[in-house]
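**Q** Got a structure here, written out as structure tokens. Questions coming.
The values are calculated or read from the model by the stated rules, or taken from the named source; none is laboratory data. Predicted, not measured: the structure shown is a model, and the values here were computed from it. Cβ atoms come from the backbone with ideal geometry, glycine included; neighbour counts cover every protein chain shown.
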Amino acid sequence: MATSTTTRTRATAPPTKAAVLSKATVPAPRPAEPPTPAQVQLQGFERGVRLYSEQRWADAVAALREVASGPAIHVADRARGYLQVCERRLAGAAALQLNTADDHFNYAVERLNARDFEKARHHLASALKMQPKGDHILYTLALSCGLTGDGNGAYENLKRAIEVEPRNRLHARQDSDFAALAERFPELRNLLEV
């Protein structure tokens with residue numbers, strides 16, 4: 001018997017569309033766009049605030065100094081606020097030298113803005129001792145008294161500020177802080193209505 005050797009060949013199916021696509025060369029991803037200066041500034045601000053919250057004052061100062069000179073004005077302004085606090089913390093309270101009425105007044109305004117009413121009133125009183133007819137000091141002291149609930153102190157100090165400079169009545173009428181205080185303290189409202 002004759003043997004025949006047959007070779008079987010395997011039939012191959014044509015490649016599928018998915019197989020062809022998988023073998024296709026995929027273009028390399030494009031390099032990411034470099035961040036804009038404003039994005040770099042915002043990232044630096046976030047880093048500075050993180051360091052601030054960790055009370056790493058020196059590191060925060062370094063990060064925030066760069067941010068303060070960046071292109072986004074609103075971010076730079078906020079960075080300068082944090083920067084001032086960090087620098088003050090590094091310098092310590094002992095290094096604070098307030099020699100003039102204006103020094104005490106400016107520090108008191110900063111404390112008032114930070115809602116540290118006790119220190120604000122203390123430094124306003126010191127400024128007033130040095131400059132008894134400082135209408136701006138009396139005006140701010142009146143505001144400080146009112147914000148701490150001392151309606152009588154607010155009335156007396158605003159009254160004195162108006163006696164020294166009558167335009168302070170008009171300023172207080174237009175001041176939203178005094179408008180709110182006038183609602184709480186009738187004697188203050190009467191002083192503003194005269």
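**Q** Only one of (1) farther than 16 Å from Arg189 by Cβ; (2) buried (at least 17 other Cβ atoms within 10 Å of the Cβ); (3) more than 28 Å from the chain's Cα centre (by Cα) fails for Arg167. Which number is that?
**A** Here Arg167 clears every test but (2).
**Q** Tell me, which residue of the stretch 32-69 that is without any contact (Cβ under 8 Å) to a residue 12 or more places away in the chain and hydrophobic (A, V, I, L, M, F, W, C) is nearest to Ala91 (Cα to Cα)?
**A** If we take residues in the stretch 32-69 being without any contact (Cβ under 8 Å) to a residue 12 or more places away in the chain and hydrophobic (A, V, I, L, M, F, W, C), then Ala62 is nearest to Ala91 (Cα to Cα).
**Q** Within the stretch 105-118, is even one residue farther than 30 Å from Glu54 by Cα and touching a helix residue (DSSP H, G or I) at 6+ places or on another chain (Cβ under 9 Å)?
**A** yes
**Q** Find all pairs meeting these conditions: Cβ atoms under 6 angstrom apart; at least six residues apart or on different chains; first residue within the stretch 70-96 and at pLDDT 85 or above; second residue among the hydroxyl-bearing types (Ser, Thr, Tyr).
**A** Note: pairs meeting the criteria are Tyr82/Tyr52.
**Q** Grab the helices (runs of 4 or more DSSP H) fully contained in the stretch 35-110, keeping just those with 2 or more residues being among the charged types (D, E, K, R) and surrounded by fewer than 15 Cβ atoms within 10 Å (Cβ to Cβ). Step through it out loud before you land on a result.
**A** On the way: elements: 37-53, 57-68, 73-91.
Passing ranges, in order: 37-53, 73-91.
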